[in-house]
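Some notes on the structure that comes next.
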Amino acid sequence: MSSRGPKPDMTKLHPATQLVHGGTQRSEFGETSEALFLTQGYAYPDMETAEARMKGDAPGYVYSRYSNPTVDMFQQRMALLEGAEAARATSSGMAAVTTALLAQLRAGDHVVAARAMFGACLYVVEDLLPRFGVPSTLVDGADLSQWRAAMRPETKLLFLETPTNPCLEVYDIAAIAEIAHRKGARLVIDNVFATPILQKPLELGADCVVYSATKHIDGHGRCLGGIILGGRELIENEIHNFYKQIGTCLSPFNAWVFLKSLDTLALRVRQQVQNAEKIAEYLSSHRHILKIRYPGRPDHPRAELVKRQMSGGGTLVSFEVRGGKQAAFAFANRLSIITIANNLGDAKSLITHPATTTHQRLTPEARAALGVTEGLVRLSVGLEDAGDLIADLDAALTVLDRQGLAAE
Ligand SMILES: *Cc1c(COP(=O)(O)O)cnc(C)c1O
């Protein structure tokens, strides 16, 4: 007889515990660390079992495009954290977005989405869906009357990210979920910028949540991946068959890396938020900064909504350097700890200039409409010492004094 205590109900435990133990399946060897099942297929004890599993009449794995034990552990741990009934992990964040949308849509349906969106998501909604007979309407996500006005009888999905990239606008998930549900539509949230630690879209009324695991979930700049979370009916009946046939599955190796990262996700995000708060405070009164946007500050235009919807301001800070592109480049080029890169959510602090990178394909008018000005930079705050990061920013901003750029 084992003298160990009863198996805990993981759903009742706190995120820090779920992130370390959730979903763990030990093999016959009793390994402490989650095992990496780097296998394409599974051996059956006999032909009858192969037949039964293929038919879905017997439990067990069939092929890693459909499911895999290491990927399952990652899915279950994420579902616990998110408060979702089920999840499917994908090869990238874009595989999650595309799979989640296409699996729920068919020709004749209509989609409404917020205009301020990650570039590749905008491509899927604005260009790809209409090619397959699903027209889309883009709205200003902050304006509830625009969401209401865009609804049609055939509107099936509403889609948004909040906070948005790169201007960190914040949209009201509960209010937009209500607009969707009143017309029999569903709400899908891209929760990457908020992270599963700081915002729970399902509790706020959303039907489906997607992540790029490439960002905070990996958190160390290694693997691409994504995940789709929601109710059992949606995930197992609508998403799963589509997912397993089109092959947007996650590599077991990447799932194993993400499992190790989840151990520290809550710790990392909390520390990054603390660093971001200090950096935002430092930048807010700097003579070379025209404007700063951080959802955790009382001067954020939706500060009251942030308080209601998020449990922290996030790990990103956007700010506008006085003097346009020339000043933004001169400043960023002088940084020595903060790295120039387009990624985010990394342990390393990363800075990017959206107008010339992530948003360069947009017309100047479209950039202006989104608030992507020539002086705007987006800083993803990492795990370095906040004082060292502020000193790095300070030294780089001081360069602008000598260049006389601030006068422009
Ligand atoms: C990065 C990102 C994606 C896409 O994720 P990939 O892993 O790069 O495919 C989608 N949405 C948001 C908000 C992102 O930041």
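Tabulated data
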item	result
Number of the condition not met by ARG65 [criteria: (1) within 16 Å of the ligand (Cβ to nearest atom); (2) of a type outside the set (A, V, I, L, M, F, W, C); (3) assigned to a loop (DSSP other than H, G, I, E, B)]	(1)
Single residue of region 349-377 satisfying the filter (part of a helix (DSSP H, G or I) and within 13 Å of MET117 (Cα to Cα)) that is nearest to the ligand (Cβ to nearest atom)	PRO354
Top-ranked residue of region 83-98 - restricted to ones that are more than 15 Å from the ligand (Cβ to nearest atom) and of a type in the set (A, V, I, L, M), ranked as surrounded by the fewest Cβ atoms within 10 Å (Cβ to Cβ)	ALA86
Single residue of GLU126, GLU169, GLU154, GLU178 found to be within 15 Å of the ligand (Cβ to nearest atom), surrounded by fewer than 19 Cβ atoms within 10 Å (Cβ to Cβ) and of a type outside the set (A, V, I, L, M)	GLU126
Pick from region 185-218, criterion within 21 Å of PRO166 (Cβ to Cβ) and without any contact (Cβ under 8 Å) to a residue 40 or more places away in the chain, ranking: farthest from the ligand (Cβ to nearest atom)	PRO201
Selected residue (only one of GLY226, GLY231 is more than 16 Å from the ligand (Cβ to nearest atom) and touching a residue at least 24 places away in the same chain (Cβ under 8 Å))	GLY231
Checking ALA84 against (1) modelled with pLDDT of 95 or more; (2) small (Gly, Ala, Ser); (3) touching a Gly at 6+ places or on another chain (Cβ under 8 Å); (4) within 30 Å of THR373 (Cα to Cα), the condition it does not meet	(4)
Top-ranked residue in region 321-348 [being more than 16 Å from the ligand (Cβ to nearest atom) and among the polar types (S, T, N, Q); ranked as farthest from the chain's Cα centre (by Cα)]	GLN326
Checklist (1) in a loop (DSSP other than H, G, I, E, B); (2) within 10 Å of the ligand (Cβ to nearest atom) applied to GLY221, failing item	(2)
Per-region count, region 218-233, residues within 13 Å of CYS208 (Cα to Cα) and within 11 Å of the chain's Cα centre (by Cα)	2
Subset of region 32-51 [under 22 Å from LEU259 (Cα atoms) and either surrounded by fewer than 11 Cβ atoms within 10 Å (Cβ to Cβ) or small (Gly, Ala, Ser) (or both)]	THR32, SER33, ALA35, GLN40, GLY41
Tabulated pairs, region 117-130, first closer than 12 Å to PHE159 by Cα and outside any loop (DSSP other than H, G, I, E, B), second among the polar types (S, T, N, Q) and within 14 Å of the ligand (Cβ to nearest atom), C-beta under 7 angstrom, 6+ apart or interchain	VAL124/THR98
Failed item in (1) more than 35 Å from the chain's Cα centre (by Cα); (2) part of a loop (DSSP other than H, G, I, E, B); (3) not aromatic (Phe, Trp, Tyr), with GLU31 passing the rest	(1)
Tabulated pairs, region 279-294, first outside the structural domain of GLU320 (by TED's automatic domain parsing), second modelled with pLDDT under 95, C-beta under 8 angstrom, 6+ apart or interchain	none
Matching residues, region 34-50, being under 31 Å from the mean Cα position of the chain (by Cα) and part of a loop (DSSP other than H, G, I, E, B)	GLU34, ALA35, LEU36, PHE37, LEU38, THR39, GLN40
Region 349-360, residues that are touching a residue at least 12 places away in the same chain (Cβ under 8 Å) and within 22 Å of the chain's Cα centre (by Cα)	SER349, LEU350, ILE351, THR352, HIS353, PRO354, ALA355, THR357, THR358, HIS359
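The values are calculated or read from the model by the stated rules, or taken from the named source; none is laboratory data. The structure displayed is predicted, hence computed values, not measured ones. Every residue, glycine among them, receives a Cβ derived from its backbone with ideal geometry; neighbour counts consider all protein chains shown.
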